[in-house]
1. Applying the Karplus parametrisation 6.51 cos²θ - 1.76 cosθ + 1.60 with θ = phi - 60° to the phi angles of the stretch B:29-36, what ³J(HN,Hα) value in whole Hz is obtained for each residue in order, glycine and proline being reported as x?
2. Tell me the Kirkwood radius of chain C: reciprocal of the mean inverse pair distance over distinct alpha-carbon atoms, in Å.
3. Please build a GNM for chain B, connecting alpha carbons under 10 Å apart, and tell me which residue among B:SER94, B:SER30, B:SER119 fluctuates the most.
4. Looking only at A:ALA140, A:ALA24, A:ALA106, which one moves most when chain A is put into a Gaussian network model with springs between Cα atoms under 10 Å?
5. What is the local net charge at A:ASP3, summed over the other residues whose Cβ is closer than 12 Å to its Cβ (Lys, Arg +1; Asp, Glu -1)?
6. Relative contact order of chain B: what whole-number percent is it, with Cα pairs under 8 angstrom and at least 6 residues apart?
7. Report, by chain and number, residues whose modeled amide H sits under 5 Å from the one on B:SER30, excluding near sequence neighbours (fewer than 5 apart, same chain).
8. Neighbour counts of other C-beta atoms within 10 Å: give me C:GLU13, C:GLU149, A:GLU100 arranged from fewest to most.
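None of the figures in this text is laboratory data; all of them are computed from the coordinates on show. Please read these numbers as outputs of a predicted model, since none were measured by experiment. Here the Cβ positions follow ideal geometry from the backbone for every residue, glycine too, while neighbour counts run over all protein chains shown.
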Amino acid sequence: MKDKMTIILFSGEMDKAIAAFTLATTAASSDMDVSIFFTFWGLNILKKKKFIITKTQMLMQKMFNTMSTSSLPISKMNYFGLGPWMMKKLMKKSNMASLEDLMKLAKQLNVKYIACTTSCGVLGLTKENLTDDVNEFAGAATYLAEAKESKVNLFI
Amino acid sequence: MKDKMTIILFSGEMDKAIAAFTLATTAASSDMDVSIFFTFWGLNILKKKKFIITKTQMLMQKMFNTMSTSSLPISKMNYFGLGPWMMKKLMKKSNMASLEDLMKLAKQLNVKYIACTTSCGVLGLTKENLTDDVNEFAGAATYLAEAKESKVNLFI
Amino acid sequence: MKDKMTIILFSGEMDKAIAAFTLATTAASSDMDVSIFFTFWGLNILKKKKFIITKTQMLMQKMFNTMSTSSLPISKMNYFGLGPWMMKKLMKKSNMASLEDLMKLAKQLNVKYIACTTSCGVLGLTKENLTDDVNEFAGAATYLAEAKESKVNLFI
């Protein structure tokens with residue numbers, strides 16, 4: 001049986017997402033089974049670029065849904081949006097993979113995406129709002145079953 | 001012997017606390033032993049609503065002690081306090097348990113609360129300031145002894 | 001064989017660094033093997049006080065490099081720099097070790113420092129910019145090899 005790693009991705013910032021996906025792809029390419037459980041702001045990373053406003057979404061849910069993969073902030077020195085742009089530039093300059101590249105690689109390496117059903121409910125997100133790369137919609141019990149079998153568990 | 005989970009709750013935000021207590025109560029209700037080690041801002045979650053200002057507290061400690069369970073900020077889109085209010089509304093609308101509900105459930109399921117003595121010292125918090133639900137006041141050594149025996153360890 | 005603990009230190013805040021080093025030194029002094037993997041903003045903690053601006057650093061990298069150990073912010077109630085000063089005062093008053101003390105102790109107890117090569121590349125940091133206490137420059141694969149052997153893994 002393969003060694004497992006399970007990551008809870010709670011944060012919606014670009015820098016933390018890059019850290020999570022760098023770990024996930026490195027683990028998967030060295031033959032580990034990797035699952036990422038996306039909850040709360042982490043769901044921003046899974047949103048389709050063309051965000052479909054469904055009828056069921058209230059104004060409050062819309063206010064929480066202003067971010068998607070292409071416009072994530074960073075956790076420090078965001079400089080009102082200048083920070084993420086600078087970071088992307090610097091990553092390109094040092095030939096580092098972008099978040100989009102890492103996410104493509106993650107799917108090629110069969111990293112499993114689980115979207116937290118409870119958070120989706122609160123934020124008014126449905127299957128239609130998220131990328132088709134999501135493997136499963138599930139709750140904390142599913143996460144815990146995987147985490148108990150994992151050698152490495154992280155909350156990011 | 002039961003499987004164990006140990007969470008360090010360092011953050012004082014409502015959304016992170018909800019994530020921690022959702023995991024804790026889900027684990028405890030599926031027959032795991034769960035301990036939460038509250039440190040730094042995480043101690044805000046344990047504060048009594050009627051916060052007693054003890055004589056030993058200096059002005060600086062008071063400034064760090066302006067938050068309690070009923071007035072926690074959220075880690076993203078706080079909108080100067082509007083964010084937490086909106087989130088509570090949305091949670092109620094989608095029939096999700098509130099932080100207060102989850103904390104009541106946690107106690108019914110015997111989730112163990114450990115308050116970090118060192119952080120209490122720095123922030124000027126005494127037993128009188130915190131809820132009676134605290135099982136133990138202890139330091140990092142106690143946490144590590146539990147973490148070594150745990151299948152799932154998270155820092156939130 | 002000794003029990004192991006591995007910490008990813010991603011955050012560059014004083015309070016989170018203190019939590020990481022309190023855990024690391026407590027573990028190391030109770031005969032555990034401890035490694036800290038410094039990535040992204042966590043590298044701020046390893047910077048030399050006299051920061052050497054190398055020729056290869058661009059303006060953007062300089063903007064990301066305005067913080068070092070002696071001027072770290074805190075994650076809550078930073079009060080534009082007043083927060084860290086108050087916290088240092090309170091820690092001294094309650095006879096708690098400062099971050100600098102904890103870092104000295106960590107080295108005496110052989111806590112291993114690994115600096116993330118990818119993050120160093122993005123932020124334009126070279127060996128000359130970081131303290132000599134760094135044991136190794138390495139990437140996510142090295143971290144994962146250690147994490148798989150560890151009883152306690154945390155992302156801070």
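1. With coefficients 6.51, -1.76 and 1.60, one gets 7, 9, 6, 9, 8, 10, 10, 10 Hz.
2. The answer is 16.0 Å.
3. B:SER94
4. Among A:ALA140, A:ALA24, A:ALA106, the largest GNM mean-square fluctuation belongs to A:ALA140.
5. Counting the neighbours of A:ASP3, the net charge comes to 0.
6. Averaging sequence separation for qualifying contacts and normalising by length gives 38 percent for chain B.
7. none
8. Listed from fewest to most nearby Cβ atoms, that is A:GLU100, C:GLU149, C:GLU13.
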